[in-house]
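To start, the structure under review is shown below, and the notes come after it.
The values are calculated or read from the model by the stated rules, or taken from the named source; none is laboratory data. Model, not experiment: these values are computed from the prediction. Positions of Cβ are generated from backbone atoms using ideal geometry, with glycine treated the same way; all protein chains shown enter the neighbour counts. The area values use the complete protein model at the heavy-atom level, side chains included, leaving out ligands, DNA and RNA. Shrake-Rupley method; radii C 1.70, N 1.55, O 1.52, S 1.80 Å.
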Amino acid sequence: MSLILSAAGFLIGFLAIEFKSDELFPGVNQSLLWLALPIFPIALINGFLASMFQGMQRFNTFNKILVIEPSVFFVAILILVLTGNQSLSDLILSKLLSTAVSLAFVVKGVVVVWKQSERSSSNALRFVKKAINYGFKANWGPITQFLNYKADIFILNLFTNVAITGTYVVAVNLTEKVFLISAA
């Protein structure tokens, strides 16, 4: 599911950048859009795989996963600030890096669970069926919630300019960090 949705989102993003970037993202350099595009599929796959730990009630692992990405991103931003780097492309690369690092930890955890499942049961297919069944049920809500959260950014960008939209995105991201406490 996550691979199909990630590929579809990546394709839509590719088409939007290639054919409609001037209309959808006025004043934004296309190279920045191309740099940011891989963040979507990585973050989506990361979220899907992380939710499996929640479904298996491995909350300790799930909470660690929730903290990895923002922690790595914070450190990367701190390094950019301390070095005086104000490059938008480096900021996007920091986000891409933090998302990829988080995905690496999630994949490592999934591999551990997979190996444990194979050792405890000769039927690994049972694990796959349970994971797909849970993932299908659990992720329709987050998908629509994600689209709902991001729709305001596109609408605001269509009616205003990039600077106002950027300020709004930063403000929303800062306020959303409060949710980390309740999520944990």
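Of the options ASN29, ALA171, THR144, report the single residue whose Cα projects farthest towards the positive end of the charge dipole of the chain (beta-carbon charges: Lys, Arg +1; Asp, Glu -1).
Value computed over the given set: THR144.
I'd like the carbon and sulfur percentage of the solvent accessible area for the chain, probe radius 1.4 Å, heavy atoms only, ligands and nucleic acids excluded. All intermediate terms of the calculation are to be shown ahead of the outcome.
Working: 8440 of 11910 Å².
Exposed carbon and sulfur together represent 71 percent of the surface.
Report, as a whole number in µm² per second, the diffusion coefficient that Stokes-Einstein gives for the stretch 1-80 at 4 °C and 1.567 mPa s using the Kirkwood radius over alpha carbon pairs. Present the calculation step by step, with values, prior to reporting the outcome.
Working: Rh = 14.6 Å.
Estimated diffusion coefficient is 89 µm²/s.
What percent does the relative contact order of the stretch 12-133 come to when contacts are Cα pairs within less than 8 Å and at least six residues apart? Could the numbers behind the result be given before it?
On the way: 72 pairs, mean separation 34.9, N = 122.
Contact order relative to length: 29 percent.
Dipole size in debye (nearest 20) for the chain around its Cα centre, Lys and Arg Cβ +1, Asp and Glu Cβ -1? All intermediate terms of the calculation are to be shown ahead of the outcome.
Values: 13 positive and 8 negative charges, 209 e Å.
With only Lys, Arg, Asp and Glu charged at Cβ, the dipole is about 1000 debye.
Per-residue accessible area for THR167 at 1.4 Å probe radius, Å² rounded to 10?
100
At a probe size of 1.4 Å, how large is the accessible area of PHE59, to the nearest 10 Å²?
Its heavy atoms expose roughly 100 Å² to the probe.
Would you calculate a helix-derived [θ] at 222 nm for the chain, using -39,500 (n - 2.57) for each DSSP H run of n ≥ 4 and dividing by the full residue count, to the nearest 500? Walk me through the intermediate numbers first.
Numbers: 8 runs with 160 residues, N = 184.
About -30000 deg cm²/dmol.
Sorted by accessible area (1.4 Å probe), largest first, how do TYR134, TYR149 line up?
Working: TYR134 75, TYR149 105 Å².
Output order, biggest surface exposure first: TYR149, TYR134.
Could you order VAL172, VAL113 by accessible surface area, starting with the largest, using a probe radius of 1.4 Å? Please list the in-between numbers first.
Details: VAL172 40, VAL113 10 Å².
Most to least solvent-accessible, the answer reads VAL172, VAL113.
Would you kindly find the accessible area of ASP22, with a 1.4 Å probe and non-protein molecules such as ligands, DNA and RNA excluded, rounding to the nearest 10 Å²?
130
Please compute the Kirkwood hydrodynamic radius of the chain from all pairs of different C-alpha atoms, in Å with one decimal.
Details: mean 1/r = 0.0550 Å⁻¹.
Evaluated over the chain, this radius sits at 18.2 Å.
So for GLU69, GLU176, what's the accessible-area order with a 1.4 Å probe, most first? Don't skip to the end; give the middle numbers.
Details: GLU69 30, GLU176 55 Å².
Ranked from most to least accessible, the order is GLU176, GLU69.
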